[in-house]
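Q: What follows is a single structure, and I will ask about it in a moment.
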Amino acid sequence: MIKVAIIGATGIVGQQAIVTLTNHPWFQITKLAASARSARKTYGEALREANGASRWWCPEELPASVAQLPVENAADFDPTTVDLIFSTLDAGVAKELEPKWAQTTPVVSTASAFRYEDDTPILIGGVNMDHAALIKVQQERRGWKGFVVPKSNCTIAGLVVSLKPILDNFGVKQVIMTSLQAMSGAGRTPGLSAMDMTENVVPYIPGEEPKVETEPQKILGTFTGEGITHAPFGITATCTRVPVLDGHLVAVFVQTEKPCTPEAAKEAMVNFGKDFCQLGLPSAPDQLIAVTDDPFRPQPRMDRDRGDGMTVTVGRLRQDPVLENGLKYVCLSHNTKLGAAKGAIQTAEYLVKYYLKWV
Ligand code: NAP
């Protein structure tokens, strides 16, 4: 078994990583770490707040074996004690600690700290696995035995998966999108206030739109051998927070290069990613995109767990009456699964099998 650490284990994404890694066929959780606030407690104790309420977030039970593990201070963590690190820290502290760990040990991260570095790929399962070759450039340039590979921003996880077959078959000229993002996307520290979120929509998420408007072009760009040439289309985004627990919904308007009917887009999406799904990665779903003809779907509660949270659901595919070569649809993805922890673990599975060749 490959020994893994989850650093940021007490957060929402860290908890989701614990659920995904429990009974994982390749990875064994051997270390947990978080801030100094949680250190030197058992994981179960660290999840108890001062008022006694549990911070365990996932609907699955916390495994007793994990509850008893000690939580280490992330700042003092020795990366050589494990084979692989899942970093689910906030970006600020990730920027400082991930490069230290990467000197010896591979790091797969859900933080944004390294996403915009020229020598760092942002891998999304089935979309851009050829970008994994950029890791070698990162290791050589920085003299690292390990590496840092970040996951994408959670809002664009579904967008990028749904755009890839459109880009490949019809070309993309521009994208206009509005997100309706779940509350779990804001994390636990400090988290959102019930007073703000109940019976409400918040029309601004600090720092989100610049990420959403730039990451997809890198992910959908072309690997040149030394770097990535970004895909040459523009995105304009409005990101909002809605009172949904899990599952980011995105309303997408795409102008394609070539004419594209909704039927042709549906066919391209449904057929997309079959090769990737057949690689035998433990966290891969049977299909990357499910397209529904039901005009009332996708809905977060009903569709976010499709493919155990790893399938993107697309609905309301139709021609846009205003944009030339315009297509519009709604897509839904699970923000803490595909968009964060489980997507990071799926990336690690791919790297362990095809880059590190450990299995
Ligand atoms: P979270 O619930 O707020 O958890 C943050 C984690 O980081 C906790 O384990 C916390 O430990 C730890 N931490 C905070 N400050 C620290 C410090 N100074 N030193 C060491 N550890 C520290 O956040 P989250 O939602 O799980 O998100 C984790 C990361 O994933 C973030 O970078 C976020 O942007 C990214 N992300 C989140 C989502 C999502 O849907 N939530 C999706 C994609 C990416 P304590 O409990 O000890 O404070």
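The values are calculated or read from the model by the stated rules, or taken from the named source; none is laboratory data. A quick note: this is a predicted structure, and the numbers were derived from the prediction, not measured. Heads up, the Cβs are rebuilt from the backbone with ideal geometry, glycines too, and the neighbour counts pull from every protein chain shown. Note: areas computed on protein heavy atoms with side chains; ligands, DNA, RNA excluded. Shrake-Rupley method; radii C 1.70, N 1.55, O 1.52, S 1.80 Å.
Q: Restricting the count to DSSP beta bridges whose residues both fall in the chain, what percent are antiparallel, rounded to a multiple of 5?
A: If I count the DSSP bridges inside the chain, around 45 percent turn out antiparallel.
Q: Now for a separate question. Nothing charged except the Cβ atoms of Lys and Arg (+1) and of Asp and Glu (-1): what's the magnitude of the dipole of the range 259-317 about its Cα centre? Round to the nearest 20 debye.
A: In total the dipole reaches around 180 debye.
Q: Right, something else. Using a 1.4 Å probe, what is the accessible area per residue for the range 139-283, in Å²?
A: Accessible area per residue, the range 139-283: 44 Å².
Q: While we're looking at this one, here's another question. Report D for the chain in µm² per second (integer): Stokes-Einstein, Kirkwood Rh on Cα pairs, 25 °C, 0.890 mPa s. Working shown, then result.
A: On the way: Rh = 20.6 Å.
Rounded to a whole number, D works out at 119 µm²/s.
Q: Using a simple spin-label model with points 7 Å from Cα along the Cα→Cβ vector, what separation in nm is obtained for Ala53 and Arg141?
A: 4.4 nm
Q: Tell me the net charge near Thr236. Cut-off is 9 Å between Cβ atoms, Thr236 excluded, with +1 for each Lys or Arg and -1 for each Asp or Glu.
A: On the way: positive: none; negative: Glu209, Glu213.
Spelling it out: positives minus negatives among the neighbours equals -2.
Q: Would you grab the residues whose amide H sits under 5 Å from the one on Val312? Only those 5+ places off in sequence or on another chain, please, with H modelled 1.01 Å from N.
A: Excluding prolines and chain starts, which carry no amide H, the hits are Ile289, Ala290.
Q: Another one. Arrange the residues Leu123, Leu192 by how much accessible surface each exposes, largest first, with a 1.4 angstrom probe.
A: Leu192, Leu123
Q: Based on DSSP, what percent of beta bridges with both residues in the range 96-250 are antiparallel, to the nearest 5?
A: Taking every DSSP beta bridge within the range 96-250, about 30 percent pair in antiparallel fashion.
Q: Let me ask another. Towards the positive end of the charge dipole of the chain, with charges on Cβ (+1 Lys, Arg; -1 Asp, Glu), say which of Val93, Ile29, Gly11 has the farthest Cα.
A: Ile29
Q: If amide H atoms are built 1.01 Å from N in the plane of the peptide, which residues on other chains or at least 5 residues away come under 5 Å of the amide H of Val148?
A: Residues meeting the criterion, in which the H sits 1.01 Å from N, are Val107.
Q: Take the alpha-carbon positions of the range 85-129, form their convex hull, and give its projected area averaged over all directions (one quarter of the hull surface) in nm².
A: 3.3 nm²
Q: Solvent-accessible area of Ile7, probe 1.4 Å, all protein chains present, reported in Å² to the nearest ten, please.
A: Around 0 Å² of this residue is reachable by solvent.
Q: Additional query: Tally the DSSP beta bridges in the range 1-131 and give the antiparallel ones as a percent, rounded to 5.
A: Around 10 percent of the beta bridges assigned by DSSP in the range 1-131 are antiparallel ones.
Q: Once you've got the Cα coordinates, tell me which of Lys211/Lys357; Lys164/Lys342; Lys31/Lys274; Lys258/Lys357 are over 28 Å apart. The partial results should precede the final answer.
A: Working: Lys211/Lys357 32 Å; Lys164/Lys342 20 Å; Lys31/Lys274 34 Å; Lys258/Lys357 40 Å.
Too far apart for the 28 Å limit: Lys211/Lys357; Lys31/Lys274; Lys258/Lys357.
Q: If amide H atoms are built 1.01 Å from N in the plane of the peptide, which residues on other chains or at least 5 residues away come under 5 Å of the amide H of Thr238?
A: Met177, Thr178, Ser179
Q: OK, next. Output the relative contact order of the chain, whole-number percent, from Cα pairs under 8 angstrom with separation of 6+ residues.
A: Relative contact order comes out at 17 percent.
Q: Let me ask something else. Computing the accessible area with a 1.4 Å probe over protein heavy atoms, can you report the carbon and sulfur percentage for the chain?
A: Carbon and sulfur atoms account for 51 percent of the accessible area of the chain.
Q: Also, I was wondering about something else. For a quick check, take a GNM of the chain with Cα springs below 10 Å and name the residue from Ala290, Ala194, Ala111 with the largest mean-square fluctuation.
A: In the Gaussian network model the winner is Ala194.
Q: What is the distance, in nm, between label points placed 7 Å from the Cα along the Cα-to-Cβ direction at Thr236 and at Asp286?
A: Using points 7 Å along Cα→Cβ, the separation is 4.1 nm.
Q: Now for a separate question. The range 151-177 to the range 207-263: how many Å between their Cα centroids?
A: 5 Å
Q: Report the Cα centroid-to-centroid distance between the range 321-349 and the range 1-75 in angstrom, as an integer.
A: So the separation of the two Cα centres works out to 27 Å.
Q: Can I ask one more? Quick one: what are the phi-derived ³J(HN,Hα) couplings along the range 21-29, Karplus 6.51/-1.76/1.60 with θ = phi - 60°, whole Hz, x for glycine and proline?
A: Per residue, the Karplus-derived 3J(HN,Hα) values read 8, 5, 6, 5, x, 10, 10, 10, 6 Hz.
Q: Still on this structure, please answer the following. Compute the normalised compactness of the range 79-234: alpha-carbon radius of gyration over 2.2 N^0.38 Å, N being the residue count.
A: Against the empirical 2.2 N^0.38 Å value, I get 1.13 for the range 79-234.
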